Amino acid sequence: MPKATFTFNLPDEENEYRVMSQAPNSQRVLWDFSQQLRSWIKYHHDFKDADDALERIRDEFYRLLNEYGVDIDLWNYQRAEYITGIAPNSPTG
């Protein structure tokens, strides 16, 4: 069976490693979230208005992130570093 190996130069690529290590749980969050959205659409919902819907959808998203231990701030940190070339918490960032 084919295998793939990811290699990280720690501690320099600690953030990339942490993002990659969360990938399975991130996928579970997305799956559960899509199923909840499907349920609200198929079996109706009790949202009062658009603002209520957005708030409850956001709450469900963050509940799932917390349940599966996914830290999306890691992704923001990695994106900021990718765009600027400077780590946000580095002496030059």
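The table for this structure:
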quantity: Residues of region 21-36 that turn out to be surrounded by 15 or more Cβ atoms within 10 Å (Cβ to Cβ) and hydrophobic (A, V, I, L, M, F, W, C), as a count; calculated: 2
quantity: Whichever residue in region 55-71 is without any contact (Cβ under 8 Å) to a residue 40 or more places away in the chain and of a type in the set (Phe, Trp, Tyr) and, among such residues, is farthest from residue 15 (Cα to Cα); calculated: 61
quantity: Of all residues in region 60-74 being of a type in the set (D, E, K, R) and out of contact with any Lys or Arg (no Cβ under 8 Å at 6 or more places or on another chain), the one that is surrounded by the fewest Cβ atoms within 10 Å (Cβ to Cβ); calculated: 73
quantity: So residue 32, is it assigned to a loop (DSSP other than H, G, I, E, B) and of a type in the set (D, E, K, R); calculated: no
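Results for (1) modelled with pLDDT of 95 or more; (2) not aromatic (Phe, Trp, Tyr), shown as yes or no for each residue.
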{"position": "17", "(1), (2)": "no, no"}
{"position": "23", "(1), (2)": "no, yes"}
{"position": "29", "(1), (2)": "yes, yes"}
{"position": "37", "(1), (2)": "yes, yes"}
{"position": "51", "(1), (2)": "yes, yes"}
{"position": "81", "(1), (2)": "no, yes"}
{"position": "87", "(1), (2)": "no, yes"}
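The values are calculated or read from the model by the stated rules, or taken from the named source; none is laboratory data. Since the structure is predicted, the reported quantities are computational estimates derived from the model, not experimental observations. Glycine also receives a Cβ, built like all others from the backbone with ideal geometry; neighbour counts cover every protein chain displayed.
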